[in-house]
Every structure is written in structure tokens, then in C-alpha cells.
Amino acid sequence: MPRPVDFPELPPELPKLLLQWYDRHARILPWREHPTPYRVWISEIMLQQTRVETVKPYFNRFLAVLPDLRALAEAPEEQLLKLWEGLGYYSRVRNLQRAAQCILTAFNGDFPADPDRLRQLPGIGEYTAGAIASISFGLPEPAVDGNVLRVLARLTGWRGDTTRPAVKTAVATALRDIYPRDRAGDFTQSLMELGALICVPGGPPQCERCPLCRLCRCARSDAWREIPARPPRRPRAVEELTVLLLRCGDRVALRRRPATGLLAGLWEFPTLPGRLSAEEAAAALARLGGGLNVSPVRELTARHVFTHREWHMTGYCFDCPSMPAQFTWATSAALHGEFALPSAFAAFRPLLPPSPDTPESV
């Protein structure tokens with residue numbers, strides 16, 4: 001059983017100071033304009049592991065195509081994955097659809113406000129449940145993420161390991177004691193905003209602009225370098241891959257990845273394990289593609305970082321005289337408009353035929 005955490009009490013004046021600052025400095029974000037449960041939910045799932053500026057166009061496009069629960073629940077998977085293309089962590093969008101289907105069947109299409117019921121839905125954990133409950137329903141329910149943990153650890157001078165699950169529970173308990181019931185949603189967002197704009201990760205906090213400066217144990221000192229404390233990260237596993245970019249006219253070869261594992265069920269360029277030379281890649285293609293005997297016309301290397309793994313990729317572009325049936329041959333229009341290609345392969349897009357809407361570079 002996890003050891004309980006004794007997190008310090010929070011200053012009772014914290015909400016007032018933070019809300020006064022938030023009223024003046026809150027960013028204008030598309031999901032804040034009409035904070036319905038659906039819009040808040042979609043934005044919070046998109047914002048996991050992704051920067052706000054990256055999410056904005058994705059959010060607007062997603063809502064334009066799938067404006068409500070039913071549209072999301074009934075969307076074809078290929079459409080879902082294409083809308084999500086480039087955001088990564090594709091299990092998030094699959095869980096969005098599963099949760100939408102659950103809400104339609106188990107809750108008659110009414111988004112539950114109760115955090116315990118929210119946590120029963122696929123892909124919704126403590127943080128997302130708290131965000132929806134407070135922002136959309138005005139409940140004094142904390143949403144504790146890395147931003148909030150960093151802000152409050154520095155504010156109180158607490159030097160414990162914030163990666164422990166029990167710490168989030170302790171911080172949520174401390175927050176409940178001071179949550180303003182008349183502005184619960186704004187307070188939730190003000191904590192997020194302070195961590196995103198002022199008490200930032202990976203660099204010095206802007207203490208001179210912080211509304212909590214006079215309360216903060218780390219203000220105007222180097223203590224931010226040690227707080228929050230985090231255990232050393234284990235090095236990522238490195239995987240060498242060879243990527244085959246097979247072009248035949250305006251078509252390019254794709255295939256499905258396995259149904260389980262990394263990037264499960266998504267489309268990819270044909271990929272081989274290991275770092276092959278151009279000659280080895282051509283020989284493998286002759287075997288793989290039903291006797292295609294061609295030489296690569298271009299080579300490109302790329303690196304893609306996942307949470308616990310790195311791909312070091314060597315790509316070879318081949319102009320093929322035929323289209324072996326073991327691959328799916330997508331037109332350039334379909335590749336850009338229909339097939340969801342993970343961002344791991346984004347570096348190889350310049351080797352492909354241009355989109356009909358994109359002039360070929362000179």
C-alpha cells in the first residue's frame with residue numbers, strides 16, 4: 001500500500017491572489033470560450049503531452065468535424081485517426097470514442113458531473129475528471145497535473161518526489177481545503193496558467209511577475225532548481241530501423257502496423273528492423289516486394305523520440321515500376337487527406353509526391 005504523504009497546508013489567501021492575476025492575464029483559448037463538458041474534455045485529452053499552441057488548430061478542426069458526443073461515437077476510425085494525425089499517443093483518441101459511446105449508452109447522452117463517474121470512463125483519470133468537474137460543472141474538485149505540482153511544491157518549499165501517485169492525492173486534499181466554491185473552474189485554470197506562463201518547467205520562474213511571490217518559499221532564489229524533486233530518468237531504449245519509401249507515379253506504399261504495441265493499427269511506410277545499407281535495403285525490397293529490382297534514388301536519416309524509446313531511422317526512396325499487392329498504394333491526395341501517418345515518419349514526407357494543394361518545391 002502506498003505510503004501517505006504529508007503535504008503542507010496551503011495559504012488561505014492563495015485563491016484570491018491567483019484569481020485576481022488570472023482575471024487580468026488569462027490567455028484567450030478556444031476551449032475557454034464555451035467550457036461545455038465536451039469541449040473541456042476534448043481539450044484536456046489533447047493537451048496531455050502536447051503544447052497549447054500545437055493543440056489550438058487540432059481542437060478547432062476536431063470540433064468542426066465532430067461537434068458533439070454522437071458524432072464522435074459514430075465516427076469511422078480512419079477519420080478519427082486522421083483528425084489526430086501528428087498529436088501522437090493515438091490511444092487517447094480511441095479512448096475518446098469509447099468514452100463517448102459509454103456516455104451515450106450508460107448515461108443517456110448526458111455528460112456525468114460526478115468525478116467518480118467520470119473516472120469510470122475510458123481514458124479519464126483523476127486529473128481530467130477534476131478538470132471537467134470544476135471547469136464545466138463548477139465543482140470544487142482539484143485537477144492536479146505537473147504544472148500544479150510544480151507550482152505548489154515551490155510555493156511551500158516541499159522537496160519530496162512529485163512523481164509518486166500519493167503526492168497527487170495529498171496535493172488534491174490540500175487544495176480542497178481552500179477551493180473557492182463560487183469560482184472553482186477559474187481557480188483550476190489559474191493554477192494551470194501560472195505553471196504554464198510563470199512558474200515554468202525547465203527554466204527559471206518569473207518571480208517578478210508572480211502573484212504568489214510574497215507567499216512563496218522559493219521566490220527569488222535558486223531553490224527552483226531542486227524543486228520539485230524528481231528521480232533520475234532511465235535512458236530510453238534505442239531502436240534502429242530502415243524505412244522504405246516506395247513511389248509509383250503519384251502513389252506511395254503503406255501498410256498497417258500490428259494491432260498491438262507501439263503505434264498500434266496505424267499506417268506506416270514499410271519498415272525493416274536494423275540499419276541497412278542502400279544495397280541491403282534494395283535486396284530486401286527485391287524479396288519483400290515480389291521481385292522489385294530497383295536502386296534507391298534518395299536517402300534520408302531521421303530520429304523520433306517516444307516516451308521510453310527512440311527510433312533512429314534510415315530511409316531510402318525508391319521509384320518502383322509496379323505496385324505489389326501486399327502494400328496499400330495511396331495517392332498523394334489520399335495520403336494527405338485520408339490516411340493517418342504517425343508523426344514519427346514526418347521527416348520523410350519531403351521524399352513523397354506533393355499534395356495536389358501543395359506546389360512542388362524547386
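The values are calculated or read from the model by the stated rules, or taken from the named source; none is laboratory data. What you are looking at is a predicted structure, and each value in this text was computed from that prediction instead of being measured. Cβ coordinates were reconstructed from backbone atoms using ideal geometry, including for glycine residues, and neighbour counts include every protein chain displayed. In case anyone asks, the SASA skips ligands and DNA or RNA and just uses the protein heavy atoms, side chains included. Shrake-Rupley method; radii C 1.70, N 1.55, O 1.52, S 1.80 Å.
Given an 8 Å cut-off on Cα distances and at least 6 residues of separation, report the relative contact order of the chain as a percent.
Relative contact order of the chain: 17 percent.
Along the principal axes of its C-alpha atoms, what lengths does the range 152-304 span, in descending order and rounded to whole Å?
In descending order, the Cα extents are 72, 35, 29 Å.
P(r) of the range 79-173 in 10 Å steps, Cα pairs, percent per bin?
The calculated distribution, bin by bin, is 15, 36, 33, 14, 2.
Going from the alpha-carbon gyration tensor of the range 288-328, what semi-axes, largest first and in whole Å, does one get by taking the root of 5 times each eigenvalue?
For the range 288-328, the semi-axes come out at 27, 14, 7 Å.
Can you compute 3J(HN,Hα) from phi for each residue in the range 317-330, using the Karplus curve 6.51 cos²θ - 1.76 cosθ + 1.60 with θ = phi - 60°, rounded to whole Hz and x for Gly and Pro?
Once θ is set to phi - 60°, the couplings for the range 317-330 become 9, 10, 8, 9, x, 9, 10, x, 6, 6, 10, 8, 9, 9 Hz.
Please give the per residue accessible area of the chain, computed with a probe of 1.4 Å over protein heavy atoms only, in Å².
50
Pairing the Cα long axis of helix 14-25 with the longest principal axis of the chain, what angle in degrees results, from 0 to 90 and rounded to the nearest 10?
Between helix and principal axis, roughly 50 degrees.
Would you mind computing the Rg to Rh ratio of the chain from its alpha-carbon coordinates, Kirkwood style for Rh?
1.04
With angles folded into 0 to 90 degrees, how steeply does helix 146-156 sit against the dominant principal axis of the chain? Use alpha carbons for both and round to 10.
The answer is roughly 30 degrees.
Heads up, I need the accessible area for H304: 1.4 angstrom probe, whole protein in place, Å², nearest 10.
Here the residue's solvent-accessible area equals roughly 40 Å².
Just to verify a number: what accessible area does Y179 come out at with the full protein assembly present, 1.4 Å probe, Å² rounded to tens?
Estimated to the nearest 10 Å², Y179 gives 20 Å².
Scale the Cα Rg of the range 224-274 by the rule-of-thumb value 2.2 N^0.38 Å and send over the ratio, two decimals.
1.87
Mind checking which of T162, V52, H25 is farthest towards the positive end of the chain's charge dipole, using Cβ charges of +1 (Lys, Arg) and -1 (Asp, Glu) about the Cα centre?
Checking the options against the dipole of the chain, the answer is T162.
Step through the residues of the range 86-98 one at a time and calculate ³J(HN,Hα) from phi using the Karplus curve (6.51 cos²θ - 1.76 cosθ + 1.60, θ = phi - 60°), rounding each to whole Hz and writing x for Gly and Pro.
x, 7, x, 6, 5, 4, 4, 6, 5, 5, 4, 5, 4
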